[in-house]
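Coordinate-derived values only; no laboratory data. Here the structure is a predicted model, which is why all the values come from computation and not from measurement. Positions of Cβ are backbone-derived with ideal geometry, glycine not excepted, and every protein chain shown enters the neighbour counts.
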Amino acid sequence: MDQSLQNLLDKEQQQLNNALTSYIKTLDIPDRLRESVLYSIEAGGKRLRPLLMKLTCTGLGGDQEKVYPAAVALEMIHTYSLIHDDLPAMDDDTYRRGQLTNHKKFDEATAILAGDGLLTNSFHVITTSNLYTDQEKVSIITKLSKASGLEGMVAGQYLDMEAENQTISISNLERIHHLKTGRLISFAVEIGGYLAGASLEKMETLKKFGDYLGIIFQIQDDILDIEGDQEIIGKRVGSDVDNEKSTYPSILGLEGAKQYKTKYVKEAGRCLQNVGLENTDLALISSYLSERNQ
């Protein structure tokens, strides 16, 4: 990875980590539950969704400070989803980001409640912010709840589990990942544009860009499950094959999946050109997502 890009990632991760942990530490929570929540938040992660939001906003001339409450809320929802995805009833994973999953470190009930709390309090972060007007709060919460709820990420996770041990079409696979992964990424870039005062036309283009980026992200995830280094990724390689999950490589073959990814990389690039963000840090992050090794 380019060193300037690595420096950008490191800086943004640290800022968001500070904002996340500071918020959790202000809450009156039972000690063990707080420990469980902070365990997953402090496990690391690239914080790419909040970063996409911030880079979209600043690339369009917006105030980066306005991004933080929405970005923190978004990452809280993402963290909750990972805690729940790892549970025995879902993916039944033992490791996440190189350490024990939450339910293995604590217990299933605590992990479930930690996820529930992160989801619920994400909206509290937005409603109590003094950086947003009432209209902005309503708009952000409306879009976030749809992206993460029964018409978004939750539906995608359900369809993903339902598709296990089945052969599905590439269009159905895209629908799953559009909902499960793409909706929150689209939310990130759309809200980044919204907070920068982007036109409705630009916001629609940004939403498409987010959709394409979600597919790119998932294809690369599937590729890493075959070619990735377990020590770098921080979780077991080959779990998709073991769980008989439909993936882009399983349907298209490994090389076919890489070609399919290239098609969407080009589409995402066209979207950035249409909104004048092709020579920005946002474009660098987009390229990184398609080539990442973890």
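I'd like to check something: does the range 74-87 contain any residue that is out of contact with any helix residue (DSSP H, G or I) (no Cβ under 8 Å at 6 or more places or on another chain) and either surrounded by 16 or more Cβ atoms within 10 Å (Cβ to Cβ) or touching a residue at least 12 places away in the same chain (Cβ under 8 Å) (or both)?
No, that holds for no residue.
Are there any pairs with C-beta distances below 6 angstrom linking a residue in the range 265-293 that is under 19 Å from L200 (Cα atoms) to a residue that is small (G, A, S) and surrounded by 15 or more Cβ atoms within 10 Å (Cβ to Cβ), with the two at least 6 apart or on different chains, and if so which?
Sorted first by the residue in the range 265-293, then by its partner, the pairs are A268/S286; L272/A283; L277/G59.
Would you check which residues across the range 244-259 are over 21 Å from the mean Cα position of the chain (by Cα) and of a type in the set (F, W, Y) and list them?
none
Please specify each residue of the range 11-57 satisfying the condition of being closer than 20 Å to L82 by Cα, acidic (D, E) and either in a helix (DSSP H, G or I) or touching a residue at least 60 places away in the same chain (Cβ under 8 Å) (or both).
Scanning the range 11-57 gives a single hit, E35.
Within the range 95-113, how many residues turn out to be surrounded by fewer than 23 Cβ atoms within 10 Å (Cβ to Cβ) and without any contact (Cβ under 8 Å) to a residue 24 or more places away in the chain?
5
List pairs: first in the range 166-190 and closer than 16 Å to F217 by Cβ, second of a type in the set (D, E) and assigned to a helix (DSSP H, G or I), Cβ under 6 Å, 6+ apart or cross-chain?
These pairs meet every condition: I176/D160; K180/D160; G182/D211; S186/D211.
Of the residues V67, V72, which is among the aliphatic types (A, V, I, L, M), over 15 Å from E42 (Cα atoms) and in a helix (DSSP H, G or I)?
Result: V67 is the single residue among V67, V72 that is among the aliphatic types (A, V, I, L, M), over 15 Å from E42 (Cα atoms) and in a helix (DSSP H, G or I).
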